[in-house]
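Worksheet for the structure shown next.
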Amino acid sequence: MKELSSKGTASNTYGFYSLTLPTGQYQITAQYMGYKPEIQQIDLSEARKIDFLLESHENALGEVVVTSQRKNDNITKLEMGVQKLDTKDIKNIPVLFGEKDVLKTIQLLPGIKSAGEGSSGFNVRGGAVDQNLILLDEATVYNASHLMGFFSVFNSDAIKDISVYKGNEPAEYGGRLSSALDIKMNDGNNKKISVNGGIGLISSRLTVEGPLLSDKGSFIVSARRTYADLFLKLSKDTTFNQAQLYFYDINAKANYKINSNNRVFLSGYFGKDVLGLGNTFGINWGNSTGTLRWNHLFSDRLFSNTSLIFSNYDYRINITNGIELNIISRIQDFSIKQDFEFFLGSNNTIKFGFNAIHHKIIPGVITASSTVDMKTLTNKFAWENSFYVSHQYSFSDKFSMEYGARVSAFSSMGPGNFYTYDSLGAPVDTTYYKAGKLVKTYINIEPRVTFNYILNQQSSVKASYSRNVQNLHLISNSTSGNPTDLWIPSSNNVKPEIADQVSLGYYRNFNDNMYEFSAEVYYKYLQNQIDYKNGAELNFNENVESQILFGSGRAYGLELFLKKKYGRFNGWISYDLSRTERKFEAINNGSYYPARQDRTHDISIVGMYELSKRWILSATWVYNTGNAVTFPSGKYEIDGKTIMLYSLRNASRMPAYHRLDIGATWIVKKTPKFESSWTFSLYNTYGQENAYTITFQNNEDDPSKTEAIQTTLFRFVPSFSYNFKF
Amino acid sequence: MRKNRALLFTILLIAVLLTSCQKVIQLDLNTTIPQLVIQGDIYDEPGPYVVNITKTVNFDQSNVFPPVTNATVTVTDNEGQSEELSQATPGNYVTSTLKGIVGRTYTLKVTIDEKTYTSVSTMPEAVEIDTIYLKKSFYGGGLIALDLINPPNKDNYYQVIHLVNGKQIPGFSVFGDKSTQFESISYSFMTTSATPPLVAGDSIKVWLECIDHGVFEYFRTANRDGGHSTSPANPVSNITNGALGYFNACSVRKKVFIYPEEKQTPTAVN
């Protein structure tokens with residue numbers, strides 16, 4: 001609002017906003033990151049509905065953004081511990097294999113750390129990889145990685161934007177301890193049909209979008225496939241040249257505006273990884289999600305969003321070796337979600353809603369072509385119901401708060417056998433529950449509150465407290481995420497994980513909001529954390545719950561962030577100083593020890609420079625302390641084999657990690673009808689030999705000596721791709 | 001287990017694809033005070049049986065493990081047999097009269113500097129090796145496998161030890177039928193492309209041990225000593241008081257397999 005510079009509002013994720021003003025003449029500016037701001041003159045004498053259609057910034061590349069009052073959003077907005085990225089903003093950042101990737105780019109932001117070299121897995125504020133809620137158009141994505149994590153499942157051509165809430169998410173999000181990652185798919189161009197795509201070294205992609213039913217809606221279809229296995233054909237080794245190794249994924253979305261009060265969306269994702277060896281061995285895995293959503297305006301103050309959501313993750317293994325053997329595992333959700341937003345005034349909003357999810361987990365079924373009797377693990381069923389209410393209110397121009405709570409009820413249920421275990425993990429009792437019979441219900445209240453005190457137009461102080469509860473737990477004991485890692489629900493043996501987080505932040509902008517600075521500190525206490533007994537058998541074990549240990553944890557840290565937002569040169573510096581620890585009675589004599597993902601220092605520097613209208617250069621540099629790991633403290637011999645002696649868990653460190661990536665974009669042609677560009681990147685530019693794993697073994701030539709062997713994955717990985725749009 | 005192999009293969013494939021490199025590095029590893037390692041076997045064949053006691057060394061030391069020479073070692077069974085073992089060579093304590101008998105439960109007691117370590121192991125019924133044969137691996141190359149008839153209605157655990165031309169190949173091969181009551185089991189215990197590769201006429205002596213659950217758990221977890229676990233740990237020992245190692249009362253059956261001439265695979269002649 002130009003006339004009332006302090007007035008303003010943010011639309012919700014579906015673009016709905018509400019503003020209450022006295023009658024009069026106003027000039028409204030609508031803006032959104034990555035898009036050109038739009039200004040409309042209005043004469044407000046009665047309630048009015050004004051829709052804005054923003055144009056992508058791409059056409060305005062390099063132009064300085066029109067100044068407006070709300071460039072200090074980070075100061076005034078009532079949210080903290082949140083990072084937002086638009087896919088348009090990340091397209092110049094160099095990444096591994098040149099495949100731009102939102103999950104890898106967010107790892108360059110404060111508080112979010114990579115789970116490993118080239119990995120799309122990430123740790124938020126000391127949390128584990130499975131403590132991130134990853135939502136694609138509201139549907140949970142259970143395994144967000146392709147090819148063991150070297151690619152994420154999110155094709156950035158199909159993604160509009162991404163918001164990461166680092167533990168203090170609003171009450172409408174819940175279900176994971178560390179973070180909520182809300183990823184929205186592109187809605188598609190509703191003005192004209194357009195096609196864009198890219199041809200790269202190991203993958204290609206194509207997107208078609210356009211209007212639907214005479215401008216009342218739009219659609220987008222985006223597909224991508226890698227062809228890494230074509231390189232395997234060059235191998236002389238028959239084991240490799242008959243192998244298959246690829247993934248593909250398809251995103252599709254359509255929306256239709258029935259009338260000014262009703263709009264429907266349908267979106268879906270389907271992806272698959274395929275790995276095979278001739279016709280003797282094969283494994284494939286993938287996610288599929290679907291969302292049907294209805295936005296409805298009951299009045300100009302009450303907004304409703306209703307969604308029906310489906311999510312599925314499964315893997316299949318096929319082995320043909322004399323007999324044919326199939327192994328199938330799956331997790332499948334059906335859910336309904338209802339959200340209301342009630343705008344009481346321009347800065348007085350109530351949000352409430354509910355969510356009901358039915359989970360079905362098939363831990364594993366083996367079928368064989370022969371008559372051999374194969375056992376099947378008991379399927380697991382659960383209901384996850386929750387409702388929430390939150391109130392956002394401004395006491396004055398300076399002081400505002402949002403407070404609310406989420407109540408979650410999680411029930412594990414039959415049909416199936418439920419076990420109780422003795423202290424050694426041996427089953428002592430088995431009870432069969434009939435279909436639909438509730439075995440154990442956990443009800444948790446999760447309070448959330450955020451305060452914002454605006455010191456002046458350039459600076460503010462914010463504080464928050466939140467509790468999060470997690471009832472689905474990923475059972476994994478490998479350093480890289482495996483497609484066969486298993487989700488298990490809370491049950492009579494497994495309690496919900498609980499995290500309480502307090503945080504405090506200071507936000508300051510400089511030079512007419514050209515520079516944005518923030519400093520946040522947090523402390524998090526974790527209950528019912530999961531680890532495994534020594535030598536735990538996690539694969540295909542009916543009694544996997546008996547292999548689990550429960551403990552507590554804590555994480556605390558400081559996050560500094562400085563960003564230059566505009567100009568030919570822009571980018572950011574992010575620094576974390578943090579500690580994350582766990583405490584289990586059976587590990588390290590019950591004292592706190594560093595979690596694997598504990599890294600004292602973590603630095604990311606991102607720079608982008610527009611050299612000319614045709615060339616954009618970019619670079620990123622990262623540095624972090626090595627992960628906490630368990631290295632041997634000695635050795636001994638059993639039956640002629642040297643065995644490593646371990647004493648304390650995670651008492652050693654991997655070597656520190658650092659890497660520089662550079663990239664360049666060359667815009668060959670840019671007209672309204674046709675655009676084309678080349679992107680080049682060089683990952684690990686100075687060839688740092690970073691340790692991916694360190695293993696210990698006897699020297700082959702002199703077996704009386706034992707050595708540490710470091711494996712490095714990537715040094716100097718060049719890539720290029722050709723991109724087009726018409 | 002098959003899943004693990006599949007994943008191992010995947011990692012291998014990706015590693016090859018991505019031109020990874022390996023090198024030996026120097027690490028400043030933590031050290032601990034030397035710990036006790038006990039290893040004892042009782043078989044259902046005539047003794048003497050040996051209990052070997054050594055200590056651990058630091059990682060950077062050479063693989064010479066100091067023997068423990070001041071131990072008092074006794075083995076008893078649940079039918080009244082009892083014997084104090086005598087030290088034959090440093091660290092090696094041997095029996096002279098004790099007999100290993102199927103079905104009996106044996107107790108090992110080791111006392112060193114007034115600290116006592118005990119372990120209990122029960123000797124299961126023996127199972128014969130049905131056949132040993134060569135088969136094709138679906139990863140390429142050949143595998144040597146054995147077949148056995150699995151006794152029904154109980155949990156069975158096995159360990160396979162093999163010697164090539166009289167030399168024992170280090171490594172632990174254990175398997176069990178806990179999750180599935182198989183009628184017969186085929187178990188591949190070595191590849192023909194082992195180092196050094198097998199040649200025609202090589203003699204492979206195979207021991208099939210029937211072991212109890214505690215021993216099985218020891219060797220199963222000892223096999224986990226890999227770099228891909230997030231939390232490597234010491235094997236789960238069946239000896240009390242924090243001693244490393246195992247005590248194993250097992251029945252054993254042996255068979256010899258002579259590696260045959262390579263089968264001629266049809267190849268194109270130019």
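General remarks:
- The residue that is farthest from residue B:95 (Cα to Cα), among those in the stretch B:1-55 that are among the hydrophobic types (A, V, I, L, M, F, W, C), at pLDDT below 80 and out of contact with any Leu (no Cβ under 8 Å at 6 or more places or on another chain), is B:16.
- The stretch A:596-632, subset more than 14 Å from chain B (Cβ to nearest Cβ) and of a type in the set (Asp, Glu), residue farthest from the chain's Cα centre (by Cα): A:610
- Boolean, residue A:262 is surrounded by fewer than 20 Cβ atoms within 10 Å (Cβ to Cβ), among the polar types (S, T, N, Q) and modelled with pLDDT of 90 or more: yes
- Close pairs (7 angstrom Cβ cut-off, 6 or more residues apart or separate chains): more than 25 Å from residue A:217 (Cβ to Cβ) in the stretch A:290-318, outside any strand (DSSP E or B) anywhere: A:301/A:18; A:313/A:142; A:313/A:143; A:315/A:483; A:315/A:484; A:317/B:3; A:317/B:6
- Exclusive hit being away from every other protein chain (no Cβ under 14 Å) and either in contact with a Pro (Cβ under 8 Å, 6 or more places away or on another chain) or more than 28 Å from residue B:52 (Cβ to Cβ) (or both), set B:114, B:128: B:128
- Residue in the stretch A:69-84 that is among the small types (Gly, Ala, Ser), modelled with pLDDT of 80 or more and either within 24 Å of residue A:341 (Cβ to Cβ) or assigned by TED's automatic domain parsing to the domain that holds residue A:141 (or both) present: yes
- Only listed residue being within 13 Å of another protein chain (Cβ to nearest Cβ) and at pLDDT 85 or above, chosen from B:163, B:143: B:163
- Among (1) touching a helix residue (DSSP H, G or I) at 6+ places or on another chain (Cβ under 9 Å); (2) within 13 Å of chain B (Cβ to nearest Cβ) - the single one residue A:663 does not satisfy: (2)
- Matching residues in the stretch A:500-517 - criterion: being buried (at least 19 other Cβ atoms within 10 Å of the Cβ) and under 22 Å from the mean Cα position of the chain (by Cα): A:501, A:503
- Applying the criterion of at least 1 residues that are within 30 Å of residue A:504 (Cα to Cα) to the strands (runs of 3 or more DSSP E) found wholly in the stretch A:153-215 leaves A:159-165, A:179-185.
- Highlighted here are the strands (runs of 3 or more DSSP E) found entirely within the stretch A:465-571 that include at least 2 residues which are within 14 Å of chain B (Cβ to nearest Cβ): A:472-475, A:515-532, A:548-564.
- Pick from the stretch A:705-726, criterion part of a strand (DSSP E or B) and within 7 Å of chain B (Cβ to nearest Cβ), ranking: farthest from the chain's Cα centre (by Cα): A:706
Rundown of residues vs (1) polar (S, T, N, Q); (2) within 14 Å of chain B (Cβ to nearest Cβ); (3) surrounded by fewer than 20 Cβ atoms within 10 Å (Cβ to Cβ), yes/no style:
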residue: A:283; (1), (2), (3): no, yes, no
residue: A:291; (1), (2), (3): yes, no, no
residue: A:299; (1), (2), (3): yes, no, yes
residue: A:306; (1), (2), (3): yes, no, yes
residue: A:314; (1), (2), (3): no, no, yes
residue: A:325; (1), (2), (3): no, yes, yes
residue: A:329; (1), (2), (3): yes, yes, no
residue: A:332; (1), (2), (3): yes, no, yes
residue: A:346; (1), (2), (3): yes, no, yes
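- Cross-chain or 6+ apart pairs with Cβ under 8 Å, the stretch A:512-529 first and closer than 15 Å to residue A:564 by Cα, then small (Gly, Ala, Ser): A:514/A:567; A:518/A:505
- Among (1) under 29 Å from the mean Cα position of the chain (by Cα); (2) more than 9 Å from every other protein chain (Cβ to nearest Cβ); (3) without any contact (Cβ under 8 Å) to a residue 24 or more places away in the chain - the single one residue A:669 does not satisfy: (1)
- Residue, farthest from residue A:90 (Cα to Cα), within the stretch A:152-185, restricted to residues that are within 13 Å of the chain's Cα centre (by Cα) and charged (D, E, K, R): A:176
- Qualifying positions in the stretch A:615-629 - under 30 Å from residue B:233 (Cβ atoms) and either crowded, with 21+ Cβ neighbours inside 10 Å or among the aromatic types (Phe, Trp, Tyr) (or both): A:627, A:628, A:629
- Of the strands (runs of 3 or more DSSP E) lying entirely inside the stretch A:391-444, those carrying at least 3 residues that are surrounded by 14 or more Cβ atoms within 10 Å (Cβ to Cβ) and under 35 Å from the mean Cα position of the chain (by Cα) are A:399-413, A:416-421.
- All of (1) in a loop (DSSP other than H, G, I, E, B); (2) on the phi < 0 side of the Ramachandran plot hold for residue A:462 with one exception: (1).
- The condition (being surrounded by 19 or more Cβ atoms within 10 Å (Cβ to Cβ), over 30 Å from residue A:208 (Cβ atoms) and touching a Gly at 6+ places or on another chain (Cβ under 7 Å)) is satisfied by just one residue among A:679, A:706, A:712, A:693: A:693.
- Filtering the stretch B:76-93 to residues that are of a type in the set (A, V, I, L, M, F, W, C) and either at pLDDT 95 or above or surrounded by fewer than 18 Cβ atoms within 10 Å (Cβ to Cβ) (or both) leaves only B:88.
- Residue within the stretch A:591-604 that is assigned to a strand (DSSP E or B), among the basic types (Lys, Arg) and in contact (Cβ under 8 Å) with a residue 12 or more places away in the chain present: no
The values are calculated or read from the model by the stated rules, or taken from the named source; none is laboratory data. The structure displayed is predicted, hence computed values, not measured ones. Every residue, glycine among them, receives a Cβ derived from its backbone with ideal geometry; neighbour counts consider all protein chains shown.
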